[in-house]
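Here's the structure, in structure tokens; my notes come after.
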Amino acid sequence: MISGSSIARSVARAWNWTLNGGPTGSQQLTPAIGAVLRMIKMMGIFYFSSELTEPWGLELPPMDDCLWFHVVISGSCTIAVDQGPSMTVRAGDLVLVPQGSGHRAWGAERAPTQSVLDLPHEYLSDDYAVLRHGGGGDRTDIVCGGVRFDHPTARHLVGELPGLIHIDSARTPRFVG
């Protein structure tokens with residue numbers, strides 16, 4: 001059985017390896033991250049690239065035991081968790097919705113939202129798709145997805161996180177070599 005402390009030690013080893021003289025390229029870190037993810041038994045549900053043009057709006061449904069993630073590749077948008085405040089996110093930012101709460105996203109101007117499940121997707125595999133949506137104006141690209149954790153310690157940890165986490169790339173410290 002894998003304990004929470006063994007997961008924490010593996011994460012710390014991977015993090016320290018990156019910060020304290022280990023190879024810094026993503027290819028070198030991938031095996032360490034992969035090992036940690038295998039230990040916590042993260043299961044990908046799906047992910048998709050979104051090519052969104054103004055005006056646009058999306059609604060993402062609640063999904064029990066799911067951690068939603070959104071990485072803004074280009075452009076910007078506003079994200080709001082159901083019954084919660086909204087926040088503007090920009091290229092390079094990461095947003096996590098740990099408890100799988102329903103939420104909405106829209107471009108520069110608030111637009112009507114449509115369920116992401118009702119919009120057409122171009123499926124490139126069983127668990128990856130491209131979503132193209134909007135009115136043809138300025139473009140925002142976002143990678144979105146959802147994952148579940150099978151390990152009880154990981155599920156407990158995710159359950160303790162706040163309902164919305166924004167990692168602002170402009171204010172997040174960068175660690176190099």
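The values are calculated or read from the model by the stated rules, or taken from the named source; none is laboratory data. Being a predicted model, the structure only gives us computed values, none of them experimental. So basically every Cβ, Gly included, is an ideal-geometry build from the backbone, and we count neighbours across all protein chains shown.
Within region 61-79, can you find the residues that are over 13 Å from the mean Cα position of the chain (by Cα) and either modelled with pLDDT of 95 or more or on the phi < 0 side of the Ramachandran plot (or both)? Spell out how you get there, then give the answer.
So in region 61-79, the residues over 13 Å from the mean Cα position of the chain (by Cα) come out as 61-65, 74-78.
Residues satisfying the conditions are Pro61, Pro62, Met63, Asp64, Ser74, Gly75, Ser76, Cys77, Thr78.
Scanning region 80-98 for residues that are at pLDDT 90 or above and among the small types (Gly, Ala, Ser), which turns out nearest to the chain's Cα centre (by Cα)?
The qualifying residue nearest to the chain's Cα centre (by Cα) is Gly92.
Could you check how many residues of region 107-135 are in a strand (DSSP E or B), touching a residue at least 24 places away in the same chain (Cβ under 8 Å) and of a type in the set (Ser, Thr, Tyr)? So that I can check it myself, show each step before the final result.
Step one: filter region 107-135 for residues in a strand (DSSP E or B), giving 114-115, 121-125, 128-134.
From what is left, the residues that are touching a residue at least 24 places away in the same chain (Cβ under 8 Å) are 114-115, 121, 128-134.
This time we only want the ones that are of a type in the set (Ser, Thr, Tyr), so: 115, 128.
Final tally of qualifying residues: 2.
Working carefully through the options Asp141, Asp168, find the one that is at pLDDT 85 or above and farther than 15 Å from Tyr47 by Cα.
Every option except Asp168 fails the conditions.
Just give me the residues in region 134-154 being under 18 Å from Phe48 (Cα atoms) and under 19 Å from the mean Cα position of the chain (by Cα), in sequence order.
Scanning region 134-154 gives Thr140, Asp141, Ile142, Val143, Cys144, Gly145, Gly146, Val147, Arg148.
For (1) touching a residue at least 24 places away in the same chain (Cβ under 8 Å); (2) exposed (fewer than 13 other Cβ atoms within 10 Å of the Cβ); (3) of a type in the set (A, V, I, L, M, F, W, C); (4) not in a strand (DSSP E or B), each residue gets a yes or a no:
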residue: Thr78; (1), (2), (3), (4): yes, no, no, no
residue: Met87; (1), (2), (3), (4): yes, no, yes, no
residue: Leu96; (1), (2), (3), (4): yes, no, yes, no
residue: Ala105; (1), (2), (3), (4): yes, no, yes, no
residue: Gly137; (1), (2), (3), (4): yes, no, no, yes
residue: Asp141; (1), (2), (3), (4): yes, no, no, no
residue: Cys144; (1), (2), (3), (4): yes, no, yes, no
residue: Arg155; (1), (2), (3), (4): yes, no, no, yes
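What tally of residues in region 99-118 results from selecting those that are over 20 Å from the mean Cα position of the chain (by Cα) and of a type outside the set (Asp, Glu)?
Of region 99-118, the ones over 20 Å from the mean Cα position of the chain (by Cα) are 108-112, 118.
Filter once more, so that each one left must be of a type outside the set (Asp, Glu): 108, 110-112.
Counting residues in region 99-118 that are over 20 Å from the mean Cα position of the chain (by Cα) and of a type outside the set (Asp, Glu) gives 4.
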